[in-house]
Amino acid sequence: MVKSPGAEIRRYLAPVDTLTTQQFFTDCLVIGSGVAGLRAAIEAAAVGTVTLVSKGSIDQSNTWDAQGGIAAVLDSQDSFDKHIADTLATGAGLCDRQVVSQVIRQAPELIGELISWGTEFDRVNGVIDATFEGGHSFARVIHSHGDSTGRGIAEGLLKKLRSCPTIRTLEHFFVIDLLTGADQECCGAIGWQAGGTFQIIWAARTILATGGAGRLYRETTNPENATADGLAMAYRAGAVLRDLEFMQFHPTTLYIAGASRALITETLRGEGAILRDKDGYAFMKDYHSDGELAPRDVVSRAIVDHMHKTGATHVYLDIRHFDKEHFQKRFPFISELCDSFDIDVSKDMIPVRPSAHYMVGGIKVDSEGATNIANLYACGEAASTGLHGANRLGSNSLLEGLVYGRIAGQSAARGIDRSRPHRQHSAIEFSVPQSNRSRLDTEDVRNSLRALMWRNVGISRQESLLVETQEIIRFWQRYVMDKVFHSPAGWECQNMLTVAWLMARSAELRRESRGVHYRADFPAADDVHFLKHIEVSCAD
Ligand code: SIN
């Protein structure tokens, strides 16, 4: 278990006084509005009152931005065993077989449920259309609105959620910390409502569905709110986190200097897009026999290697051979994106390069979605269930969000007893001494941290740079972690520094290459020493 020696991590980021702060009680607090949070809230609402809070508006999440699809065995020619085998092979020895089997076998039922709630999956001649992604041995990635699958799924879930009278939603609500009582059990959270009000939400059960950590990197497909807040607050509360060295890089992000990065879905390669260098050379077969459809970690590394060899800042995705009309219909989001940059896909290739995409690790949960802290559950990208191992198979995450969202919601609901009055919690008071150290510009720290993580904890890592990264983060932490901030920008910076250090430390400790974690100084897998998870916790 990795502790955080020398880190100035205090229990709460902001002072807490539960006697004087505005407060209310809910049976179940759900933090996060992606697929997992929405699904969890719907489930828990069958038993008690649910409060679902989102950091931004309810439609700002990695789920909403997910393009390619959701993996599900729906074709009689396919089988659960094949999908399980693909997931285990991609996970490079660290998947939990029971979890893999459990998640994959529930896909048809949960897809049916989504359809009944209003999600429209794309169909050809009435049959749900499916395509390939890297690592899948069968075309089982189904999609909605062409390349806006996450939106399609979230729309169905939101429709259902809005029909549940016991669910209250609070948007633009930044959760600062989980509250734990004297017995260390979670009893809700303290947060900040945009506009400036602090608020305590007492909850019998709390579910973290806060998403990932892509914004810790300069290059990322993730929206602005993916700043690892859930991981950091769970860590401060004493939860066990694991596999933080496994950040998945997506091979193809639109690369136009100055423009914000945008995902270019892998399903384009699933339907025949070719990766080429600036001279038009299709290089992928030089790196892997599966070419463009090799697993994501392989394709990302191949692109970076090829960029180094050719001295280029990016490569290209070539879809000039696609039928333009079909492309516009099948991939409307990317079609509009390309148009907005005057890229005529019938003549021009799309400039791309890899970027941080998905946190494979997260808050360790058991098969009930429970963390090691009583009354605290986690699901979605924030959780580590054991499905992904050391590398996530594309399009398995929306599925995991649905399955574990439901499980976490059910588990949380099981403990809710509506016949008894809400429990009185003992008061929590926490003060923070005034710091006499200099102030750093947190915007500057944040940008420098993202550049540092991209350079040193990126696609290819090595010991000396990982150690140096931890030292630099420690320096920033000395001047940032001791301060009290009064708005999300400061708390986010503190969360990012906390999780970035843990990621660099975990990556240093894993002295081998496995899945998405590649060590240039230890390029092979070492099953003797590392066929195991690296766990981190700040608890004694
Ligand atoms: C994509 O559309 O390429 C991303 C899908 C995923 O990350 O699973």
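The values are calculated or read from the model by the stated rules, or taken from the named source; none is laboratory data. Computed from a predicted model, the values in this text were never measured in an experiment. In this analysis, Cβ positions are derived from the backbone assuming ideal geometry, glycine residues included, and neighbour counts consider all displayed protein chains. Keep in mind that these areas ignore ligands, DNA and RNA; they rest on the heavy atoms of the full protein, side chains included. Shrake-Rupley method; radii C 1.70, N 1.55, O 1.52, S 1.80 Å.
Table for the structure above
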item: Test for Y377: is it outside any helix (DSSP H, G or I), closer than 26 Å to I303 by Cα and in contact (Cβ under 8 Å) with a residue 60 or more places away in the chain; result: no
item: Residue ID - least open to solvent (accessible area, probe 1.4 Å), chosen from residues in region 518-540 that are among the charged types (D, E, K, R) and modelled with pLDDT of 95 or more; result: R519
item: Evaluation of T18 against (1) open to solvent by less than 10 Å² (accessible area, probe 1.4 Å); (2) modelled with pLDDT of 95 or more (one fails), failing number; result: (2)
item: Exclusive hit being under 25 Å from the mean Cα position of the chain (by Cα), more than 17 Å from Y235 (Cβ to Cβ) and surrounded by 24 or more Cβ atoms within 10 Å (Cβ to Cβ), set G490, G515; result: G515
item: Selection within region 308-318 - out of contact with any Pro (no Cβ under 9 Å at 6 or more places or on another chain) and within 30 Å of A92 (Cβ to Cβ); result: H308, K309, T310, A312, D318
item: Enumeration of residues in region 245-260 that are among the polar types (S, T, N, Q) and open to solvent by 10 Å² or more (accessible area, probe 1.4 Å); result: S260
item: Set G369, G389: member being of a type in the set (G, A, S), within 16 Å of the ligand (Cβ to nearest atom) and touching a residue at least 24 places away in the same chain (Cβ under 8 Å); result: G389
item: Scope region 222-235; condition away from the ligand (no atom under 16 Å from the Cβ) and open to solvent by less than 10 Å² (accessible area, probe 1.4 Å); matching residues; result: T227, A228, G230, L231, A232, M233, A234, Y235
item: Total residues in region 392-429, condition under 28 Å from E109 (Cα atoms), hydroxyl-bearing (S, T, Y) and either away from the ligand (no atom under 16 Å from the Cβ) or outside any helix (DSSP H, G or I) (or both); result: 2
item: Residues satisfying the stated conditions in region 314-360, i.e. under 24 Å from G291 (Cα atoms), free of Cβ contacts under 8 Å to residues at least 60 places away in the same chain, open to solvent by less than 80 Å² (accessible area, probe 1.4 Å) and assigned to a loop (DSSP other than H, G, I, E, B); result: H314, I319, F322, V345, S346, D348
item: Index of the failed condition, G56 passing every other in (1) part of a helix (DSSP H, G or I); (2) closer than 22 Å to T498 by Cβ; result: (1)
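Condition check ((1) away from the ligand (no atom under 14 Å from the Cβ); (2) open to solvent by less than 30 Å² (accessible area, probe 1.4 Å); (3) within 28 Å of A273 (Cβ to Cβ); (4) out of contact with any strand residue (DSSP E or B) (no Cβ under 8 Å at 6 or more places or on another chain)) across all residues:
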{"site": "D65", "(1), (2), (3), (4)": "no, no, yes, no"}
{"site": "G68", "(1), (2), (3), (4)": "no, yes, yes, no"}
{"site": "D81", "(1), (2), (3), (4)": "yes, no, no, yes"}
{"site": "I84", "(1), (2), (3), (4)": "yes, yes, yes, yes"}
{"site": "L88", "(1), (2), (3), (4)": "yes, no, yes, yes"}
{"site": "C95", "(1), (2), (3), (4)": "yes, yes, no, yes"}
{"site": "E113", "(1), (2), (3), (4)": "yes, no, no, yes"}
{"site": "R123", "(1), (2), (3), (4)": "yes, no, yes, yes"}
